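Q: Please see the structure below; I have some questions.
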Amino acid sequence: MGPIDPARVQKELDARLGRDVYLHLETTTGSYTALGPEKRTPVIAFVRNASIRYERGLVTGEGPYRVGLKLDSGWVYAQGLTDYTVTERDELLLAGHDEEGNLRVGLQLSLQPFRE
Amino acid sequence: MSILPPSPERIDHLVEGMTLLDPSAERGIVVSLPHPDDESFSSAGTMALASDAGVPVTYLCGTFGDMGRRMGSPFFANRESMRDVRERELADACTILGARYELLGMRDRMVEFEDPHEVATRIRAVLERLDPSTVITFYPGHAVHPDHDAMGLATHLAVAALPDPKPRLLAVAVGDREQLRAALGPQQVAVDIRTVRQRKLGALRAHRSQTEMMFQRWESERDDDEQMRAYREENLTVERFYRLNGVAIPLPR
Ligand SMILES: [Zn+2]
């Protein structure tokens, strides 16, 4: 993974437009926040291999970036994205990392299901 | 900067009232925990002492740990590469500890949503095949991460279903020390790991994606308070366990 190049990411989003794609979407504080000095409750959510189709998909912002996908009947949204890569399996992976390299948010799209 | 002061000469204050277990005298050890790296944090010293004496040691690992948020520091893994990265790290750690590993292949974070009896049946099959004298797992309800609690419960059910004589079942509790002491009292069993503390550090380092940041902190002594230092020193000196055989553990709703 490397820093998001918005033009390249936009091309990748366009390439998957109007097709049945698998979505992985997540956000996480990590599981151990309750042990930290602030004793915060962990907040974690993910969806893996939901099937979607989007008619508009944009990457916006000056970095960290936002991505919004307009579906036939709904939306997909992620904010705080910093890095991206396209894997050997042609999966588009977008992630937001904190200063220490921890993942905080992820939005991924693939024409084939992500590994289960 | 050394993160490893010399081993303390005396450990009496750390193991007061506990039975000292000699891993080299075991017939076999199975460590049953959900994530690659749980074995190194909790039991690396015990595993190394056993395997050095020719005792077969197996790490039965519930998941690939591929939903973690640590990606290395600086990050080198991503959500999709994480599974293979962590299995390689696990293989390296097990080589250092002289252990073999088996994966149950459950989805990270999702162990508590599986049927505990089904998971227990799979664990039991492994225990029947390997016939260990000691099994190590997490203390259900006292292990912070829901996967830890769920794997502890399933392992408890698996051991309870074995015919007598059952293996000794030892449990690792995680979390605030004072709270754990208040809820569970002191541990009953301790292993003196002073002679293999380098191996424990090596195994922890092998789980690079997960521990790199921790070692960077230790070495820079950034964020390093007295309590953290004491905790680290203790866990590189002794490994302490609760006895779980015969303890009634409520099933979740
Ligand atoms: Zn764990």
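The values are calculated or read from the model by the stated rules, or taken from the named source; none is laboratory data. All of these numbers come straight from a predicted model, not from anything done at the bench. A quick note on method: Cβ atoms are made from the backbone with ideal geometry, for glycine too, and the neighbour counts reach across all protein chains shown.
Condition check ((1) part of a helix (DSSP H, G or I); (2) among the hydroxyl-bearing types (Ser, Thr, Tyr); (3) touching a strand residue (DSSP E or B) at 6+ places or on another chain (Cβ under 6 Å)) across all residues:
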residue	(1), (2), (3)
B:Thr95	yes, yes, no
B:Ala120	yes, no, no
B:Arg129	yes, no, no
B:Gly141	no, no, no
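Q: Here's something else I'd like to know. Do we find that B:Pro8 is modelled with pLDDT under 95, more than 16 Å from the ligand (Cβ to nearest atom) and over 26 Å from B:Ile193 (Cα atoms) in this structure?
A: no
Q: Another question, if that's okay. Out of everything in the stretch A:85-101 that is modelled with pLDDT under 95 and facing chain B (nearest Cβ under 7 Å), what residue ends up being nearest to A:Arg8 (Cα to Cα)?
A: A:Gly101
This table checks each residue for (1) of a type in the set (Phe, Trp, Tyr); (2) over 26 Å from A:Gly106 (Cβ atoms); (3) not in a loop (DSSP other than H, G, I, E, B).
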site	(1), (2), (3)
B:Ser32	no, yes, yes
B:Phe76	yes, no, no
B:Asp84	no, no, yes
B:Glu87	no, no, yes
B:Leu90	no, no, yes
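Q: I'd like to check which strands (runs of 3 or more DSSP E) are fully inside the stretch A:3-72 and have at least 2 residues that are away from chain B (no Cβ under 14 Å).
A: A:44-52, A:54-60, A:65-71
For every residue, the table says whether it meets (1) outside any helix (DSSP H, G or I); (2) within 16 Å of B:Val126 (Cβ to Cβ).
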position	(1), (2)
B:Asp149	no, no
B:Ala154	no, yes
B:Ala158	no, yes
B:Leu162	yes, yes
B:Pro165	yes, no
B:Leu169	yes, yes
B:Val174	yes, no
B:Leu180	no, no
B:Ala183	no, no
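Q: Would you call B:Leu103 surrounded by fewer than 20 Cβ atoms within 10 Å (Cβ to Cβ), farther than 25 Å from A:His97 by Cβ and within 16 Å of the ligand (Cβ to nearest atom)?
A: Yes.
Q: Scan the stretch B:20-69 residue by residue and report those that are among the charged types (D, E, K, R), more than 10 Å from the ligand (Cβ to nearest atom) and away from every other protein chain (no Cβ under 14 Å).
A: B:Asp22, B:Glu26, B:Arg27, B:Asp52, listed by residue number.
Q: Check B:Met151, B:Met228, B:Met213 and return the single one that is within 14 Å of chain A (Cβ to nearest Cβ), within 16 Å of the ligand (Cβ to nearest atom) and more than 15 Å from the chain's Cα centre (by Cα).
A: Going through B:Met151, B:Met228, B:Met213 in turn, the sole match is B:Met213.
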